[in-house]
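Reading through the structure tokens given below for one structure.
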Amino acid sequence: MLREDEQFHADLEALGYSVDWAEFNTGSSTLEALGTESVDIANAGDIPSLYAIANNHPIRYIASTESAPHSQGILVQRDTDIEDVGDLEGKRIAFNRASIAHYLTLKTLEQEGLNLDDVRPVYLDPPDAILAMERGEIDAWVVWDPYLAAGEERGHEVISTSEDVVAYRSFYFTNEAFLTDHPEALEVYVDAVIRIGEEVEKDPSIATPLLFEETGLSEETWHRILDRGINIADYNGPGVEEDLQQQADDLLELGFIDDPLEMDSYIVEGKELSNDE
């Protein structure tokens, strides 16, 4: 919706800015472009951002949503005898490697006293996992919205979410160079994201036709996603640094990254973008 928002464009133009839009297939590629200054502002998830930082991309967190635990989880085949996470032992579980789904899988199994050796992991990207699920080639699929909601629409069942397991936020980013040189543009951007999120929270139907046009997923699926997700973003506040630090520490312990990350140096706190150095 930001792309079509006239007020956002007008506010930027008043400061002498125009906008070029770029689309990427994954959070990792989005943040790589941001870190190399191919783009100046981006939106992505928590785990891809930690990999970007571990790969020395100079990204900074400028805003975030609250954690949305019901927007990712574990789907199982329709008409299955799998009722809870404990029943996954020995079963074929799909997720894409080194992703938020991989992380959620490990942490969820850990809570049940299990690990990857107790299940049969199948490493698939979401488009391939959708097909495998429909063909009955996997028993469970760990994934996030909109794929999670699309799976539910096809009759598959969610047996577990990330609630009380791991945080799951969306973030808005810039790079160090743009933060230093153009904080006023970032403030306009974040204020617009907040305003539009509040509008969608009040009336999701204003967003569903645009989302259907962009993705091909039904408006009913997008209603499901928007009804359970956290649509309102804000400047970073309490809990953001703690959640990111916990995730970074977990990734290090799991061997997904090689060196410790100190997350406080990457987070722009509060609304004072112009005071950030």
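The values are calculated or read from the model by the stated rules, or taken from the named source; none is laboratory data. A quick note: this is a predicted structure, and the numbers were derived from the prediction, not measured. For neighbour counting, all protein chains shown are included, and Cβ atoms are generated from backbone atoms with ideal geometry for every residue, glycine included. The accessibility values were calculated without ligands, DNA or RNA, using every heavy atom of the protein model including side chains. Shrake-Rupley method; radii C 1.70, N 1.55, O 1.52, S 1.80 Å.
One compactness figure for region 18-155 is 1.17, namely its Cα radius of gyration divided by 2.2 N^0.38 Å.
Tell me, rounded to the nearest percent, the portion of alpha carbon pairs in region 129-178 spaced more than 15 Å apart. Here the long-distance tail beyond 15 Å is 57 percent of all Cα pairs in region 129-178.
Entry for region 1-42 at q = 0.22, 0.24, 0.26 Å⁻¹: log10 I(q)/I(0) = -0.79, -0.86, -0.91, Debye formula applied to identical alpha-carbon scatterers, no solvent contribution. Between 78, 228, 60, the residue with the greatest mean-square fluctuation in the GNM of the chain (Cα pairs under 10 Å linked by springs) is 228. Ordering 135-144, 81-90 by mean Cβ neighbour count within 10 Å, with the highest value first, yields 135-144, 81-90.
For residue 6, neighbours were defined as the other residues whose beta-carbon sits under 14 Å from its Cβ, and their charges (Lys and Arg +1, Asp and Glu -1) total -3.
Counting only protein heavy atoms and using a 1.4 Å probe, the accessible area of residue 217 comes to about 50 Å². Per residue, the chain exposes 49 Å² of solvent-accessible protein surface, assessed with a 1.4 angstrom probe and all protein chains in place. Where both bridge residues fall in the chain, DSSP classifies roughly 75% of the beta bridges as antiparallel. Over all projection directions, the Cα-based convex hull of the chain averages an area of 14.3 nm².
Our analysis of region 142-277 gives Rg over Rh at 1.01, with the two radii drawn from alpha carbon positions and Rh computed by the Kirkwood formula. Separation of region 210-274 from region 18-92 is 8 Å, based on Cα centroids.
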